[in-house]
Amino acid sequence: MTKKVALLGGSFDPIHNGHIAMAKAAIDQLEVDEVWFVLAHQAPLKEFKPTSDEHRLAMLQLVCKQHQQFKVCDLELHRQGTSYTIDTLRDLHQQYPDYQWFWILGADQQAQFEQWKDWQELLKLATFVVVDRNDHLKKDGVRKQFVMVAMHPVDVSSTQVRQGKRLNLIPKEVRQYIVDHELYLEDWVSAQMNPHRFAHSKSVAKVCMDLAKAHHLDVHKAYLTGLFHDIAKDLPKKEAEKWIQDCFPQYMEEPKAIWHGYIGSEVVRILYGIEDEQIRNAIYHHVKGLSNEPYAMMVFIADKIDPLRGYDSSALYQASMSDLALGFQKVKEENAAYLKKQNIQGV
Ligand SMILES: [Fe+2]
Ligand SMILES: [Fe+2]
């Protein structure tokens with residue numbers, strides 16, 4: 001059966017709404033039957049070492065499940081090595097000799113097209129399609145042969161997503177996959193705080209995981225709780241005030257130093273899609289330690305006994321490893337005594 005198929009190649013690390021919009025534009029305007037996402041094992045013009053094939057493939061599959069005309073092409077994964085389009089198109093011609101092929105290019109790719117391996121032969125094997133705003137493209141040389149497809153730009157890149165930006169421009173199921181598999185989380189967190197606080201967050205996550213293992217709790221949840229517990233601590237003052245006003249107006253008059261727990265419990269849900277109530281409750285209460293729920297006790301302990309704080313907390317660590325509730329009580333008592341000595345109240 002003859003089919004018209006548009007191929008969209010890339011690392012998809014991860015796939016985002018810009019890729020999906022390109023695929024939809026191709027379906028609407030080229031009248032192709034399907035768009036196949038060609039997942040590169042190692043894209044030739046990229047230095048960056050991608051996330052594992054398995055994860056990038058799984059995220060693509062989640063998106064393709066939602067759209068009948070989207071398919072995943074995993075030829076380049078099986079071939080391994082550097083992924084050249086010419087090899088993929090030759091293979092596809094052999095496997096599906098009746099099909100009509102289109103290859104979708106982004107604006108940045110069309111500019112460097114002459115660097116592609118065997119680009120003259122490529123032009124014989126597929127119709128090249130540039131999906132972009134029409135207005136800023138040079139139509140010189142080989143580019144005169146490209147077909148144009150107009151699309152509303154979606155202002156997001158995979159690099160931004162890996163840095164935790166524009167997360168509203170990836171499908172929710174992809175964001176969930178990233179959190180479940182801990183893919184870019186340390187970059188997401190480090191982008192929100194100073195290096196010292198990021199080191200503390202990783203260290204707290206490590207202690208949380210130790211405690212979770214010792215007490216047969218969920219290690220992944222413990223990691224998320226520890227890593228994200230201070231996510232709102234370095235928020236600019238104006239942003240913190242806005243979060244408190246919008247979500248917790250009852251705390252407006254409380255000291256600002258305790259806001260970040262409350263705000264953090266909303267930030268993880270709204271920005272990062274972490275909905276788990278135990279994680280959110282633990283972050284909410286981590287400053288004052290007013291919850292006896294296990295993850296809340298765990299992160300309160302870990303935050304206070306973090307080895308990076310520079311005092312000998314080994315006795316408290318041991319106590320908490322053998323009995324979480326007892327460790328929690330001891331850490332609370334020591335913390336209260338410390339605050340009294342420092343003359344700091346309730347922080
Ligand atoms: Fe904190
Ligand atoms: Fe902390």
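The values are calculated or read from the model by the stated rules, or taken from the named source; none is laboratory data. All figures in this text were calculated on a predicted structure; none of them were measured in a lab. In this analysis, Cβ positions are derived from the backbone assuming ideal geometry, glycine residues included, and neighbour counts consider all displayed protein chains. Surface accessibility is based on the protein's heavy atoms, side chains included, excluding ligands, DNA and RNA. Shrake-Rupley method; radii C 1.70, N 1.55, O 1.52, S 1.80 Å.
Scan region 207-229 for residues that are within 16 Å of ligand 1 (Cβ to nearest atom) and either in contact with a strand residue (DSSP E or B) (Cβ under 9 Å, 6 or more places away or on another chain) or farther than 18 Å from Ser265 by Cα (or both) and jot them down.
Across region 207-229, the qualifying residue is only Val207.
So, in region 231-268, how many residues would count as being touching a residue at least 60 places away in the same chain (Cβ under 8 Å) and in a loop (DSSP other than H, G, I, E, B)?
1
Checking the condition of a type in the set (A, V, I, L, M), out of contact with any Leu (no Cβ under 8 Å at 6 or more places or on another chain), in the same structural domain as Gln318 (by TED's automatic domain parsing) and within 13 Å of ligand 1 (Cβ to nearest atom), which residue from Ala232, Ala191 passes?
Only one candidate passes the filter, namely Ala232.
Suppose the filter is more than 16 Å from ligand 1 (Cβ to nearest atom), part of a helix (DSSP H, G or I), open to solvent by 20 Å² or more (accessible area, probe 1.4 Å) and not acidic (Asp, Glu); does Arg197 pass it?
On the way: more than 16 Å from ligand 1 (Cβ to nearest atom): no; part of a helix (DSSP H, G or I): yes; open to solvent by 20 Å² or more (accessible area, probe 1.4 Å): yes; not acidic (Asp, Glu): yes.
It is false that Arg197 is more than 16 Å from ligand 1 (Cβ to nearest atom), part of a helix (DSSP H, G or I), open to solvent by 20 Å² or more (accessible area, probe 1.4 Å) and not acidic (Asp, Glu).
Among the residues of region 262-277, which ones are away from ligand 2 (no atom under 12 Å from the Cβ) and not charged (D, E, K, R)?
The answer is Tyr262, Ile263, Ser265, Val267, Val268, Ile270, Leu271, Tyr272, Gly273, Ile274.
Looking only at helices (runs of 4 or more DSSP H) that fall completely inside region 66-140, which ones have 1 or more residues that are farther than 24 Å from Lys49 by Cα?
85-95, 119-125
Quick test of your reading of the structure: Val35 fulfils all but one of (1) in a loop (DSSP other than H, G, I, E, B); (2) surrounded by 20 or more Cβ atoms within 10 Å (Cβ to Cβ). Name the failing condition by number.
(1)
Quick check on region 334-347: of everything there that is assigned to a helix (DSSP H, G or I) and surrounded by fewer than 11 Cβ atoms within 10 Å (Cβ to Cβ), which residue is modelled with the lowest pLDDT?
Filtering region 334-347 for residues that are assigned to a helix (DSSP H, G or I) and surrounded by fewer than 11 Cβ atoms within 10 Å (Cβ to Cβ), the one modelled with the lowest pLDDT comes out as Gln342.
Restricting attention to region 278-330, report how many residues are within 15 Å of ligand 2 (Cβ to nearest atom), open to solvent by less than 30 Å² (accessible area, probe 1.4 Å) and not in a helix (DSSP H, G or I).
The number of residues fulfilling the criteria is 5.
Can we say Ser158 is polar (S, T, N, Q), at negative phi and within 16 Å of ligand 1 (Cβ to nearest atom)?
Criteria not met by Ser158.
So Leu271 ticks every box in (1) away from ligand 1 (no atom under 13 Å from the Cβ); (2) aliphatic (A, V, I, L, M); (3) at pLDDT below 95 but one. Which box is left unticked?
(3)
Could you check Ile301 against (1) modelled with pLDDT of 95 or more; (2) within 15 Å of ligand 1 (Cβ to nearest atom); (3) farther than 22 Å from His220 by Cα; (4) among the hydrophobic types (A, V, I, L, M, F, W, C) and say which number it fails?
(3)
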